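*Asks:* Below is the structure I would like to discuss, written out as structure tokens.
The values are calculated or read from the model by the stated rules, or taken from the named source; none is laboratory data. All values derive from a computational prediction rather than experimental measurement. Please note: Cβ atoms are built from the backbone with ideal geometry, for glycine as well, and neighbour counts cover all protein chains shown.
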Ligand SMILES: Nc1ncnc2c1ncn2[C@@H]1O[C@H](COP(=O)(O)OP(=O)(O)OP(=O)(O)O)[C@@H](O)[C@H]1O
Ligand SMILES: [Mg+2]
């Protein structure tokens, strides 16, 4: 479970990137985090993952406060950042072993997870090559595998579909669904409204750092009667707050 309570974040005391944001996400839910460019999605995710500190407010993951127990909190989640261009000098397998070491994953468990996920994402034959030599989508896939290596209770992803081919994107959606079915929590930002519509029960929509809607797709439809697509509802909602 993720609890974001009244968090605020400004950059350089100027741009208010996150403005008094409150969202609670129970176990077993996949929440899509939507909003226009510059709305504050990545900033919120960086606060949630402890990459940035909030100016004020409280963040708890599985009941643990990120300020009080930063390391314990980090063990709770797997994180896929918006750019996969990291650890380029490592080979894929070295990166996965590094992640497994960081999270104290046993040799047996890591082998089983690497075998299964690399096979699913068709990365097995690329594991011995350096990440530098990977395409964007392959880098994205190795980061996704690395984020799942410790079988986390919470999964946080920032625009994870970017650069994935249709097969990998389908697979990722399947894994997210399986995750939620195991009563885990998935929180991900996306610009692909069809993805949100397909796999999310609820979506959180943010604009200019403020939460403007947090409800089920059905409730959104009810609110915007006559608008059959999430795209139209999204445009109306975000335009209203301009
Ligand atoms: N490092 C930074 N320094 C200064 N301002 C920043 C920084 N990072 C983000 N911002 C500002 O904070 C606001 C929110 O940016 P953020 O990256 O969180 O948006 P986003 O919703 O993730 O957008 P996108 O959909 O383009 O990824 C924007 O106004 C942006 O200019
Ligand atoms: Mg972003």
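*Asks:* Tell me yes or no: at least one residue of the range 47-63 is modelled with pLDDT of 95 or more, within 22 Å of residue 100 (Cα to Cα) and away from ligand 1 (no atom under 16 Å from the Cβ).
*Replies:* Yes, because at least one residue in the range 47-63 is modelled with pLDDT of 95 or more, within 22 Å of residue 100 (Cα to Cα) and away from ligand 1 (no atom under 16 Å from the Cβ).
*Asks:* When the range 43-86 is examined, which residues are found to be out of contact with any helix residue (DSSP H, G or I) (no Cβ under 9 Å at 6 or more places or on another chain), farther than 24 Å from residue 105 by Cα and buried (at least 19 other Cβ atoms within 10 Å of the Cβ)?
*Replies:* 43, 44, 45, 46, 47, listed by residue number.
*Asks:* Just to confirm my filter: which helices (runs of 4 or more DSSP H) fall fully inside the range 1-110 and include at least 3 residues that are touching a residue at least 60 places away in the same chain (Cβ under 8 Å) and within 16 Å of ligand 2 (Cβ to nearest atom)?
*Replies:* The helices (runs of 4 or more DSSP H) meeting that bar are 41-48.
*Asks:* Next question. With the condition being over 14 Å from the mean Cα position of the chain (by Cα) and touching a residue at least 12 places away in the same chain (Cβ under 8 Å), I'd like the strands (runs of 3 or more DSSP E) fully within the range 136-242 carrying at least 2 qualifying residues.
*Replies:* 202-207, 210-216
*Asks:* Now for a separate question. Is one or more of the residues making up the range 8-15 buried (at least 22 other Cβ atoms within 10 Å of the Cβ) and within 22 Å of residue 205 (Cα to Cα)?
*Replies:* Within the range 8-15 (the criterion being buried (at least 22 other Cβ atoms within 10 Å of the Cβ) and within 22 Å of residue 205 (Cα to Cα)), the answer is yes, since at least one residue qualifies.
*Asks:* Restricting to the range 153-168, name every residue that is more than 16 Å from ligand 2 (Cβ to nearest atom) and closer than 23 Å to residue 91 by Cα.
*Replies:* If the condition is that a residue be more than 16 Å from ligand 2 (Cβ to nearest atom) and closer than 23 Å to residue 91 by Cα, then 164, 165, 168 are the ones that fit.
*Asks:* Going through the range 1-33 one residue at a time, which ones are near ligand 1 (Cβ under 10 Å from one of its atoms), out of contact with any helix residue (DSSP H, G or I) (no Cβ under 6 Å at 6 or more places or on another chain) and at pLDDT 95 or above?
*Replies:* 10, 11, listed by residue number.
*Asks:* Just to be sure I understand, how many residues within the range 222-237 are under 26 Å from residue 165 (Cα atoms), within 16 Å of ligand 1 (Cβ to nearest atom) and touching a strand residue (DSSP E or B) at 6+ places or on another chain (Cβ under 9 Å)?
*Replies:* Residues meeting the conditions: 1.
*Asks:* I would also like to ask the following. Exactly one of these conditions fails for residue 219: (1) within 16 Å of ligand 2 (Cβ to nearest atom); (2) at pLDDT below 95; (3) in contact with a strand residue (DSSP E or B) (Cβ under 9 Å, 6 or more places away or on another chain). Give me its number.
*Replies:* With respect to (1) within 16 Å of ligand 2 (Cβ to nearest atom); (2) at pLDDT below 95; (3) in contact with a strand residue (DSSP E or B) (Cβ under 9 Å, 6 or more places away or on another chain), residue 219 is out only on (1).
*Asks:* Taking into account only those residues within the range 173-208 that are out of contact with any helix residue (DSSP H, G or I) (no Cβ under 8 Å at 6 or more places or on another chain) and within 16 Å of ligand 2 (Cβ to nearest atom), which is farthest from residue 120 (Cα to Cα)?
*Replies:* Step by step, filter the range 173-208, then rank; the result is 208.
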